[in-house]
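Below is one structure, written out as structure tokens; the observations come after it.
Values quoted throughout were computed directly from the atomic coordinates according to the rules given, and no laboratory measurement underlies them. Computed from a predicted structure; not experimentally measured. We place every Cβ from the backbone using ideal geometry, glycine too, and count neighbours over all the protein chains shown.
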Amino acid sequence: MSKGRNNEVSRVSLCALAGLIMAINVQTFVHTGGLLPGGFAGVALLFQNIAKTFWGVKLSYGTLYFFLNLIPIIISYKKIGKKFTIFSCVTIMLNAFLTDVIPYKIITYDILLISIFGGIINGFAVSLCLIAGATSGGTDFIAIYISEKFGVDAFNYVLGFNACVLICDGLLFGWSKALYSILFQYASTQVIHIMYKRYQKNTLLIVTDKPAEVAGLISNMTGHGATDIHAFGSYENTPRSMLYSVISREETAQVISEVKKIDTCAFINVIKTENVYGKFWMRPND
């Protein structure tokens, strides 16, 4: 089996696993706590609750979740990437189908534990999709599109949309569960930030005796250039070369490892970068 084929099988597997984990999480932690997860999953559950409480109608979560995702799927297919969207659909469809099939299971009634661990599990599942070069659907499509277009980490902005959903839930069904849902969504977002670093950036300051080789390495590995700054080493009173480059945080560890192979004496300072203005190349989603 070719390397490309292996990669696609791995991506499908991660997306399928994410869909399964999300469905189990909804049928255990989310339903037990009466919480709303972020994105269109929360919107689907809110519609379910409204229909059941005010109209006495039981709506299918899977059907609601799938149809809510239709427009984002179309936009993603046209604007982000075809394979990216197809792999995302694996997670969306499995999540939609399995949530209606997997039996309801109570693990704990402790609402605080449900909020924290349910959020962690949800964030882990979403991160699996993102690592696979896909997404779990809904607002994640929107976050990816904004991140790709403007080069920013947009997942915190999704919290604004989620806040609107939670306000509606609080007004209709009481504020207690809505406030616990904020804990759930915050825990989920933090896990995503820890596991997925594509839109997070680091600045590298590398003092090296082999600037040309190191700059070539950075360019080949990341697609980014480096600025050679002529410096002076005060300890040994000798001229030095210091390379300045900004790269994705997910590439940092591998780049440092390869730089040390070229120059074992290289001095590397890694600085967390909040914002970059100007041209910053990012590998496009397929």
Globularity index of segment 128-286, i.e. its alpha-carbon radius of gyration over 2.2 N^0.38 Å: 1.36
How much length would be gained if the chain were fully extended between residue 221 and residue 209, taking 0.36 nm per residue of separation minus their Cα-Cα distance, in nm to one decimal? 2.3 nm
Calculated from DSSP H runs of 4 or more alone, at -39500 (n - 2.57) each and per residue, what is the 222 nm mean residue ellipticity of the chain, nearest 500? -20500 deg cm²/dmol
Show me 83-96, 249-262 ranked by packing, highest mean number of other Cβ atoms within 10 Å first. 83-96, 249-262
Counting residues in segment 33-137 as N, plug N into 2.2 N^0.38 Å and put the Cα Rg over that result. 1.15
Enter the Cα centre distance for the pair segment 209-286 and segment 77-141, rounded to the nearest angstrom. 35 Å
Net charge within 12 Å of residue 268 by Cβ-Cβ distance, Lys/Arg positive one each and Asp/Glu negative one each, not counting residue 268 itself? -1
Karplus-derived 3J(HN,Hα), 6.51/-1.76/1.60, for each residue of segment 135-143, Hz, glycine and proline x: 8, 8, x, x, 5, 5, 4, 5, 4
Can you give me the distance in nm between label points at residue 253 and residue 172, each placed 7 Å from the Cα along the Cα-to-Cβ direction? 4.2 nm
For the chain, with the dipole built from +1 on Lys and Arg beta-carbon atoms and -1 on Asp and Glu ones, taken about the Cα centre, which of 207, 20, 196 lies farthest toward the positive end? 20
